[in-house]
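The values are calculated or read from the model by the stated rules, or taken from the named source; none is laboratory data. Remember, predicted model here, so these are calculated numbers, not experimental data. Every residue, glycine among them, receives a Cβ derived from its backbone with ideal geometry; neighbour counts consider all protein chains shown.
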Amino acid sequence: MSWKIHRIVFRLRSMLHIGCGRVGNLQRTLLYVPGRVLWGALTMRLTRDAANGTGPAADSQDYKRVGDEVHRCLGYTYFYPAARTGKTYQIAWPWADERAFSRRFLSSYSGTALDYPQQSAATGMLREVEFISPTTLDTGEPVFLAGYVFERDGCPLAWKDACKRLQIGGERGYGWGDLELMEAVEQIDEDLFDGKAKFKGAG
């Protein structure tokens, strides 16, 4: 059984936090989006779409069934922040120059829980959440996420439609992690990320 390769680009429409532990009060973020995060977002979106018109998608077995099907039919690379020049996207590899990457793409948000009777911040509840910014911090350009999705032949899932309405990562209740699908292009060759990797489809 063969696979199709799809180059996928999202525009980041709000702040993005992919949790990777704490340092003091700072909740750090990964500098890229692991494939498992996309799997979770697609599972949620497809399950809710299937339940549309029949009530809320509240049955955990529905999520498990859809999640297993997503796992069977699709594979993913990591998705990396990218900038756009004309019609091309240039990935900003986080490890190439981590300080320069941080200055251009990373910021943080501070908040605290309130102690309402005292009209003050609750003791010990100060937190700071690191995020990938939806615009570059130096020039204000849009930030994109670029990667690949591998689709098994005969996949019955409407995953490309689901990609048009995805929200990923943490703090989603505050509107974080909102994505806009910019590009979903099937490609024939097996070269990924401008030749930096190659897909070897399972038979």
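Residues that are of a type outside the set (A, V, I, L, M) and loosely packed, with under 13 Cβ neighbours inside 10 Å within the range 165-189 comprise Gly173, Gly175, Glu186, Asp189, listed in sequence order.
The set of residues in the range 33-63 being touching a strand residue (DSSP E or B) at 6+ places or on another chain (Cβ under 6 Å) and either at pLDDT 95 or above or farther than 19 Å from Tyr76 by Cα (or both) consists of Val33, Leu38. Consider the range 123-169 and keep the residues that are of a type in the set (Val, Ile, Thr) and under 27 Å from Gly86 (Cβ atoms). The one that is nearest to the chain's Cα centre (by Cα) is Ile168. Taking the condition of a type in the set (S, T, N, Q) and in contact (Cβ under 8 Å) with a residue 40 or more places away in the chain, does Gln27 pass? Criteria met by Gln27.
Got at least one residue in the range 55-63 being assigned to a helix (DSSP H, G or I), of a type outside the set (D, E, K, R) and surrounded by fewer than 16 Cβ atoms within 10 Å (Cβ to Cβ)? Spell out the reasoning first.
At the first step, the residues of the range 55-63 found to be assigned to a helix (DSSP H, G or I) are 60-63.
If we keep only those that are of a type outside the set (D, E, K, R) too, we end up with 60-61, 63.
From the residues that got through so far, the ones that are surrounded by fewer than 16 Cβ atoms within 10 Å (Cβ to Cβ) too are 60-61.
Yes.
For the range 5-27, the tally of residues that are farther than 22 Å from Arg165 by Cβ and at pLDDT 95 or above stands at 1.
Condition check for Leu30 on (1) in contact with a helix residue (DSSP H, G or I) (Cβ under 9 Å, 6 or more places away or on another chain); (2) modelled with pLDDT of 95 or more; (3) under 27 Å from Arg152 (Cα atoms): one failure, at (3). Being among the small types (Gly, Ala, Ser) and closer than 30 Å to Arg104 by Cα is a description that applies to Ala83. Scanning the range 10-34 for residues that are surrounded by 19 or more Cβ atoms within 10 Å (Cβ to Cβ) and among the aliphatic types (A, V, I, L, M), we see that the one that is farthest from Phe199 (Cα to Cα) is Met15.
Within the group Arg11, Arg45, Arg7, Arg36, which residue is under 26 Å from Glu183 (Cα atoms) and in contact with a helix residue (DSSP H, G or I) (Cβ under 6 Å, 6 or more places away or on another chain)? Of the residues listed, the single one that is under 26 Å from Glu183 (Cα atoms) and in contact with a helix residue (DSSP H, G or I) (Cβ under 6 Å, 6 or more places away or on another chain) is Arg45. Under the condition of being in contact with a Phe, Trp or Tyr (Cβ under 7 Å, 6 or more places away or on another chain) and surrounded by 15 or more Cβ atoms within 10 Å (Cβ to Cβ), the residues counted in the range 64-75 number 3.
Of all residues in the range 81-102, those that are farther than 18 Å from Phe131 by Cα have Cβ atoms under 7 Å from Cβ atoms of residues that are aromatic (Phe, Trp, Tyr) and surrounded by 12 or more Cβ atoms within 10 Å (Cβ to Cβ), 6 or more apart or on another chain, in Arg84/Phe144; Tyr89/Phe144.
Among the residues of the range 30-59, the ones that are touching a Lys or Arg at 6+ places or on another chain (Cβ under 7 Å) and free of Cβ contacts under 8 Å to residues at least 24 places away in the same chain come to 1 in all.
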